[in-house]
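Working notes, beginning with the structure itself.
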Amino acid sequence: MTLSFEITEDKCTRCGLCGKDCPVKIITLQTGAPRILPANQELCIKCQHCLAVCPNGALSIMGLSPEQSVPVSVNSLPEPNKMEALIKGRRSVRYYHDENLPADTIRKLIDVASYAPTGFNSRSVRFSVIDDKQVLAEFREKAYDSLAKLVSLGHLSETRSGFSRFVDLWQNKREDVLFRGAPHLLITSAPKKSASPVPDCLIALAYFEMFAQSLGVGTVWNGLVKRLVDQLVPSLRMQFGIPEHHIIGYAMGFGRPAIQYSRAVQHPQAEVLRLSI
Ligand SMILES: Cc1cc2nc3c(=O)[nH]c(=O)nc-3n(C[C@H](O)[C@H](O)[C@H](O)COP(=O)(O)O)c2cc1C
């Protein structure tokens, strides 16, 4: 893709901020208006900082016009006490209403989460989602059936404290420890060859989870399902269409919570090591 690095001459004040903020230092102002030499174009990591930082909206890159960007100002940001309440008040939700979230909500959640940072701005995280509770119900049946087979064949090293107990609970009491009754499931994966596939996937899910809360959507990180899909039952991974060259970051259940928490928990102070000279 060509960079299409364009300057609106009468808006550009030659302030140099675009060049200063460019992480790979390829924007030059030596000959007047900012430009990127053709030989340097392939060094661009397409982070769009130049477009974002320009105070006058004078710069367009990759055909993106600054007017289309979400405006950012101090006034448009949540207050710190609200952010703190959001972060400290988040809980893993293990009870959900048996209903689909509106498709628009899921789209919006994934769109916002896709703005999470990625190493070297690779932006290659894939969001594989079950957005229909009926599909999840079928997936869940298949998951428990496959687990039951593995248990009966003695292929799982766990004792009754592990997967075999969860199979029992599902088969006998319809208690869904595996998926925690979530109507939706999200798995993030990224190409193994990208700069930092696992962190990228985890950060995307963390953003997803935070934004979900603000919309009244509950989430639960799901290590059990991650293990199941990633290691124990390859056909489940195939069903998700996760390509061979991808590494799975993590799985997250989500949906409308059927439980509300009245207060945050209280964690002991984190261990902080302060280096001094
Ligand atoms: C990487 C990771 C994997 C997790 N896997 C599961 C899981 O498989 N099932 C589950 O119910 N909770 C899972 N959790 C949720 C944790 O148990 C939970 O975060 C912890 O008990 C603290 O509770 P809180 O999230 O409400 O603060 C996981 C959390 C993380 C961060």
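Within the stretch 155-195, being under 18 Å from Ser92 (Cα atoms) and exposed (fewer than 14 other Cβ atoms within 10 Å of the Cβ) holds for one residue alone: Glu175. Taking the residues in the stretch 220-235 that are under 18 Å from Arg126 (Cα atoms) and surrounded by 19 or more Cβ atoms within 10 Å (Cβ to Cβ) as candidates, determine which candidate is nearest to the ligand (Cβ to nearest atom). Among residues in the stretch 220-235 that are under 18 Å from Arg126 (Cα atoms) and surrounded by 19 or more Cβ atoms within 10 Å (Cβ to Cβ), the one nearest to the ligand (Cβ to nearest atom) is Asn222.
Number of residues in the stretch 138-161 that are of a type outside the set (Lys, Arg) and either outside the structural domain of Ala113 (by TED's automatic domain parsing) or within 16 Å of the ligand (Cβ to nearest atom) (or both): the value is 7.
Any residue at all in the stretch 198-216 that is β-branched (Val, Ile, Thr) and within 20 Å of the chain's Cα centre (by Cα)? Give the derivation first.
Here is the first cut: in the stretch 198-216, the ones β-branched (Val, Ile, Thr) are 198, 203.
Now narrow it down to the ones that are within 20 Å of the chain's Cα centre (by Cα): 198, 203.
Within the stretch 198-216, one or more residues are β-branched (Val, Ile, Thr) and within 20 Å of the chain's Cα centre (by Cα).
Applying a threshold of 6 Å to beta carbon distances and a minimum spacing of six or more residues, or different chains, the list of pairs starting in the stretch 71-100 at a residue that is of a type in the set (D, E, K, R) and at pLDDT 95 or above and ending at one that is within 16 Å of the ligand (Cβ to nearest atom) and part of a loop (DSSP other than H, G, I, E, B) reads Lys88/Ala264; Arg91/Tyr261; Arg94/Arg180. Report whether or not Phe179 is part of a strand (DSSP E or B), among the aromatic types (Phe, Trp, Tyr) and under 25 Å from Gly255 (Cα atoms). No: the conditions fail for Phe179. Scanning the stretch 7-32 for residues that are part of a loop (DSSP other than H, G, I, E, B), of a type in the set (Val, Ile, Thr) and either out of contact with any strand residue (DSSP E or B) (no Cβ under 8 Å at 6 or more places or on another chain) or in contact (Cβ under 8 Å) with a residue 24 or more places away in the chain (or both) yields Thr8, Thr13, Val24, Thr31. Among residues of the stretch 51-82 being part of a helix (DSSP H, G or I) and surrounded by 13 or more Cβ atoms within 10 Å (Cβ to Cβ), the one that is nearest to the ligand (Cβ to nearest atom) is Ala52. Just so you know, in the stretch 38-50 the residues that are more than 15 Å from Cys15 (Cα to Cα) and without any contact (Cβ under 8 Å) to a residue 60 or more places away in the chain include one that is surrounded by the most Cβ atoms within 10 Å (Cβ to Cβ), and it is Cys44.
For (1) free of Cβ contacts under 8 Å to residues at least 60 places away in the same chain; (2) away from the ligand (no atom under 12 Å from the Cβ), each residue gets a yes or a no:
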{"position": "Phe163", "(1), (2)": "no, no"}
{"position": "Trp170", "(1), (2)": "yes, yes"}
{"position": "Asp176", "(1), (2)": "yes, no"}
{"position": "Ala190", "(1), (2)": "no, yes"}
{"position": "Ala206", "(1), (2)": "no, no"}
{"position": "Gln213", "(1), (2)": "no, no"}
{"position": "Phe240", "(1), (2)": "no, yes"}
{"position": "His245", "(1), (2)": "yes, yes"}
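The values are calculated or read from the model by the stated rules, or taken from the named source; none is laboratory data. In this text, all values refer to a predicted model and were calculated from it rather than measured experimentally. Backbone-built Cβ (ideal geometry, glycine too); neighbour counts: all protein chains shown.
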